[in-house]
Amino acid sequence: MKHILKLHVNGEDYEILTEIHKTLLEVLREDLGLTGTKRGCDLGTCGACTVLIDGKPSLSCLTLAAAVRDKKITTIEGLAKDGELHPLQKAFAEKGAIQCGFCTPGMILTSKAFLDENLKPKEEEVKKAISGNLCRCTGYVKIVEAVLSVSEKQ
Amino acid sequence: MHKLNVVGKRSPMLDALEKATGQARFTDDLSLPGMLFGKILRSPHPHAKILHVDLSGALKVKGVQGAISGKDIPRKKYGIVPMAKDEYALAIDKVRYIGDEVAAVAAASLDAAEEAISKIRVDYEVLPAVFDPLESMKPGAPVIHEEVPNNISASIRKEFGNVEKAFLESDFVFENDFETQAINHAPLEPHAALSTADHSGKVTLWSSTQIPFFLRRNLATTLDIPESKVRVIKPKVGGGFGQKIDLYAKDFCAAFFAMKMKKPVKFVYEREEMFTSTRQRHPFRIRLKTGMKKDGTIHAQQFRAIADGGAYNSTAPLMITLACYFIMLPYRLENLLFEGYHVYTNKPVGGAMRGHGIPQVRFAVEAQLDMISEKMGIDPLEIRLKNAFLAGEPHPAKLLVQSCGFSDTLKKAAEGIGWAEKRGKLPFGRGVGLAGASFPSGVSNMSHISSGAVVKIERDGSITLLTGAADIGQGAETVISQIAAEELGVLLEDIRITAADTEITPLDPGTFGSGVTLRAGNAARMAASEARGKLLEAAAEKMEADIKDLEIRDRRVFSKENPERGMSFQEAVKVYQYSDRPMPIVGTGSYMPPAKEPTTLLKEDGNFSPAYSFMTQAAEVQVDTATGKITVLNMVAAHDCGRAINPMLVEGQLEGSVVGGMGQALYEDVMTEKGQVLNPSFLDYGIPTAMEAPSINSVEVETDDPEGPFGAKESGEGTQLAPAPAIINAIYDAIGVRFNILPVTPEKVLEALQKKE
């Protein structure tokens, strides 16, 4: 069954006619064309689908779209401000923290939410914060470096 | 060699910002108008005859537009190694493991496709199954493929030197058994395929593939159409590690339905399918006998290695050849008898995975070397240094090793981990260990041997580079562009690279056998050199100079003798153009490695690879003796990758590979019971998270290989050969317990500690 869903994504208001059972991941990717949010497992185990819901990292594959109609959703596409990339996006690129890039959107959003709350984190805290986001390429070394480099500039 | 401007720089990957902003498109991110969604029905039985498939229920589901089973497709077998084709895109007559493909549907929505799959009725006659490779090799075991009555689908028996005599000459003989487990590559991006077909019968396929040209060949074979009717395009690929070298049912079915219905069709695998129905690292049973001379020389080795291949061959003959040949490096070994078997079982299928048959045998050799060094009272580092192969030595297996920094990797890894201060000297529960390895830089791929490249210098002085190399996240496009930019004397940002579209880019073996930098890099360099020569010819004419006196650097053409004389790169292009020469300036290159196809090495001797990389991993571990939990504190990855084209990307390769290797030492295991995978999810399988990742020190040992482009060799794959034995050797140093079976879980540690008391 379809229903009209109002969503607030990346500062824009959307009104979508879509199936009521759809997850936020499905709506973002299929109805809004925001394919930066990745489907890695659809089971809430890899973190690739992480988006920010009212600033908190959340697994969009385990979230019903209808349940977040009053929330502010931020995807990787909405992280740049006025054409200026978020420092984490730049740092991930410059520090070699991106290889295949499939975990990157989720990893960056988790890191952003973490840095918003933790100005000067220790390495162990960063590792703990991103431990729900799996990466098979980098061994996490350069990801942690990138996050720490941004926190140092804050 | 003159000073390098672009090669050797820590340049970010060319597509890093695309990936950081969500703009990078992977196969599942693509959609086309009117696109259908596909799903595959898989076998619930490990071994059964298919008596009848009734698709009528599926076809009645609203939105379903097509359903097929094995009897609807061309009876054409495929395989990655031509001599070992044993697989149909959908099972015909028989299923051979739980997860084998039986039928497929295409529907207007994924929901409809899922419902349709549940409505397909299949009558099976369940057959006896076999799950253990040793059982499978016995006479009377269930036969999995009729053409292979003994279930041994690939084998190698190869002797170098005189092994019997060498064992008699040995002062000490050691014999041990080792076992390794099944590992899933677990790339974050699930396998996906999207296909369209036009009315001329031409198929276009976007696929998460590591080797577009092989996929084209296998797709043409299975669809039974000419290669020219198949175009494979590789979008961004979210990691592969070897799992994405094969054709899968999703590729075939997407194309088959697209041809049949003239509509775009997409298939995406679920994570569970990734674990049950793609490929995995072969579990090995190994018996290793080693003969030693009193002075610590490794005099003879005898291997019996049995690889559990699962239900199909995939790369079987190649995998078993790699396992054999890479016992002959990185140590000097005159006498080796290697018997290797690839055995069918009714389980998930083995295939190429980072290291490809070598990590298993390397684990045995490196773990045993530590036992030997203890018994003989020689330091494990010393025994390795003593036997380390050196560049230019004649090789008993006729491998041509032109550069070899193995000894240096040993020394640097030992230094990095604090070997002298720590080995045998740390408190109980803490220890260090190391292990060495060697890997080819480019395995010759059967029938797709050479790598091609096209370089075009455009009117505005920018460069278009076409390569068939497949970037799957390792940064191939960046590295190849750096090589071309260096050769042309321009900047990296001047290069626009188009990669991996079988209709546009030249043939390339793909991301396979660690050959991308060397093969495609050499081809790009040759193409760049040719285009450069054409440009310089025009510039020399204008400058009334000898072309040999001209140089290009930093976008400037100038005389070497009188550097003041010259012109900008763009001006040279203008000069070229105004001299009525054809535009754009095109250079082509093709590189064929001076090496044999590995499957010929099953029978005859010869050189395996254009170059060989060498590496040592050192580990420091902490064992919690109360819980059995092992923490890897530090890893040092010392790697001879020739010259690093991009040191930052090399480090990234080493770091990722080390953590993968750690997972294989301590956590990962695709567990099965009666052929059923018990842990087909990230949660149950458990790849390392950031919490487990150790501190990693990457040490590049540069050797400048004469065959590699600007001296470059392999970097990331070989790194996964030695972390497991290094960690296992460190655990022994920590608690005095030897583990010969991987992975070393806390339960095993506790059990072993109790036994020890």
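Read the figures in this text as sums done on the coordinates, not as results from a lab. Note that the coordinates shown come from a computational prediction; the quantities given were computed from them, not determined experimentally. Note: ideal-geometry Cβ built from the backbone for every residue, glycine included; neighbour counts use all protein chains shown.
Can you give the log10 of the normalised intensity I(q)/I(0) at q = 0.23, 0.26, 0.33 Å⁻¹, computed with Debye over equal Cα scatterers of the range B:363-407? Log10 of I(q)/I(0), two decimals: -0.83, -0.90, -1.07. Distances between placed amide hydrogens fall under 5 Å for A:Leu64 paired with A:Leu24, all partners being 5 or more residues away or on another chain.
Think of it as helices only: each DSSP H run of n ≥ 4 in chain B is worth -39500 (n - 2.57), and spread over all residues that comes to -8000 deg cm²/dmol at 222 nm. For the range B:368-389 and the range B:83-134, what is the separation of their C-alpha centers, rounded to whole Å? The range B:368-389 and the range B:83-134 have Cα centres spaced 49 Å from each other.
Could you check which residue among A:Ile130, A:Ile98, A:Ile20 shows the biggest mean-square fluctuation in a GNM of chain A with a 10 Å Cα cutoff? Of A:Ile130, A:Ile98, A:Ile20, the Gaussian network model singles out A:Ile20 as fluctuating most.
Peptide A:125-135 has a mean shielding of 4, counted as Cβ atoms of other protein chains within 10 Å of each residue's Cβ. Footprinting exposure proxy ranking of B:His342, B:His448, A:His86, A:His21, fewest other C-beta atoms within 10 angstrom first, gives A:His21, B:His448, A:His86, B:His342. Taking the Cα atoms of the protein assembly as shown, the ratio Rg/Rh between the radius of gyration and the Kirkwood radius comes to 0.97. The label point for B:Glu757 and the one for B:Asn679, both projected 7 Å from the Cα toward the Cβ, are 2.6 nm apart.
Amide hydrogen proximity for B:Lys263: with H placed 1.01 Å from N in the peptide plane, the residues at 5 or more positions away or on another chain lying under 5 Å are B:Ala197. For the residue pairs B:Lys138/B:Lys756; B:Lys266/B:Lys456; A:Lys112/B:Lys9; A:Lys90/B:Lys412; B:Lys9/B:Lys158, the C-alpha atoms sit more than 31 angstrom apart in B:Lys138/B:Lys756; B:Lys266/B:Lys456; A:Lys90/B:Lys412; B:Lys9/B:Lys158. Summing Cβ point charges (Lys, Arg +1; Asp, Glu -1) relative to the Cα centre of the range A:87-153 gives a dipole of roughly 140 debye. Using the Cβ of B:Met137 as centre and a radius below 13 Å, the other residues enclosed give a net charge of -1, where K and R count +1 and D and E count -1. In sequence order, the range B:245-262 has phi-based couplings of 8, 8, 6, 10, 4, 5, 5, 4, 5, 4, 5, 5, 5, 4, 5, 5, 10, 6 Hz under the Karplus curve 6.51 cos²θ - 1.76 cosθ + 1.60, θ = phi - 60°, and Gly or Pro positions carry x.
Once the Cβ-Cβ distance between B:Glu374 and B:Thr745 is put in as r, and R0 is 30 Å, what FRET efficiency do you end up with, to the nearest 0.05? After rounding to 0.05, the efficiency reads 0.80.
Separation of the range B:168-212 and the range A:68-97, taken as the distance between their Cα centroids, equals 33 angstrom. 3J(HN,Hα) couplings calculated from phi for the range B:562-572 with the Karplus curve 6.51 cos²θ - 1.76 cosθ + 1.60 (θ = phi - 60°) are, in sequence order, 10, x, 5, 7, x, 8, 6, 4, 5, 5, 4 Hz; Gly and Pro show x. Neighbours of A:Leu43 by Cβ distance under 12 Å: Lys/Arg scored +1, Asp/Glu scored -1, total -2. Summary value for the range B:122-278: 23 percent relative contact order, contacts being C-alpha pairs under 8 angstrom separated by 6+ residues. Full extension of the chain segment joining B:His52 with B:Lys386 gains 113.9 nm, where the gain is 0.36 nm per residue of separation less the Cα-Cα distance.
Extension gain for B:Gln622 to B:Asp111 (0.36 nm times residue separation, less C-alpha to C-alpha distance): 179.1 nm.
Using θ = phi - 60° in the Karplus curve 6.51 cos²θ - 1.76 cosθ + 1.60, the 3J(HN,Hα) couplings for the range B:155-161 round to 8, 9, 9, 9, 10, 10, x Hz; x is entered for Gly and Pro.
Here B:Leu385, A:Leu119 are placed in order of increasing Cβ neighbour count within 10 Å, fewest first, which gives A:Leu119, B:Leu385.
Residues of the range B:150-167 with the amide nitrogen closer than 12 Å to a label point 7 Å from the Cα of B:Met83, along Cα-to-Cβ, please. What the label zone holds, given the 12 Å backbone N cut-off, is B:154-157. In the range A:2-78, taking the dipole from charged Cβ atoms about the Cα centre, the farthest positive-side position among A:Ile76, A:Val9, A:Thr63 is held by A:Thr63. All C-alpha pair distances within chain A, sorted into 5 Å bins from zero, spread as 2, 10, 20, 22, 19, 13, 8, 4, 2, 0 percent across the bins. Each helix, a run of at least 4 DSSP H residues, gives -39500 (n - 2.57); summed and divided by the residues of chain A, these come to -8000 deg cm²/dmol at 222 nm. For B:Met592 and B:Asp546, FRET efficiency with R0 = 30 Å and r from the beta-carbon atoms, rounded to 0.05? FRET efficiency, B:Asp546 to B:Met592: 0.40. Which value results for Rg/Rh of the range B:537-584 when Rg is the Cα radius of gyration and Rh the Kirkwood radius based on the inverse mean 1/r? Taking Rh as the inverse mean 1/r over Cα pairs, Rg/Rh reads 0.95.
Between B:Glu421 and B:Lys71, the simple spin-label model (points 7 angstrom out along Cα→Cβ) gives 7.3 nm. Taking all Cα pairs closer than 8 Å and separated by 6 or more residues, the relative contact order of the range A:2-78 comes to 37 percent. Spin-label pair B:Asp704-B:Lys293: with each label point 7 Å from Cα along the Cα-Cβ axis, the two points sit 3.3 nm from one another. Annotation for the range B:291-338 versus the range B:1-56: alpha-carbon center distance of 34 Å. In plain terms, the residue of B:Asp54, B:Asp93 with the fewest other Cβ atoms within 10 Å comes first and the most crowded comes last, giving B:Asp93, B:Asp54. Springs join every pair of Cα atoms under 10 Å in this Gaussian network model of chain A, and among A:Gly33, A:Gly132, A:Gly106 the largest mean-square fluctuation is at A:Gly33.
A cut-off of 5 Å between modelled amide H atoms, ignoring neighbours fewer than 5 places along the same chain, links B:Ala182 with B:Val670.
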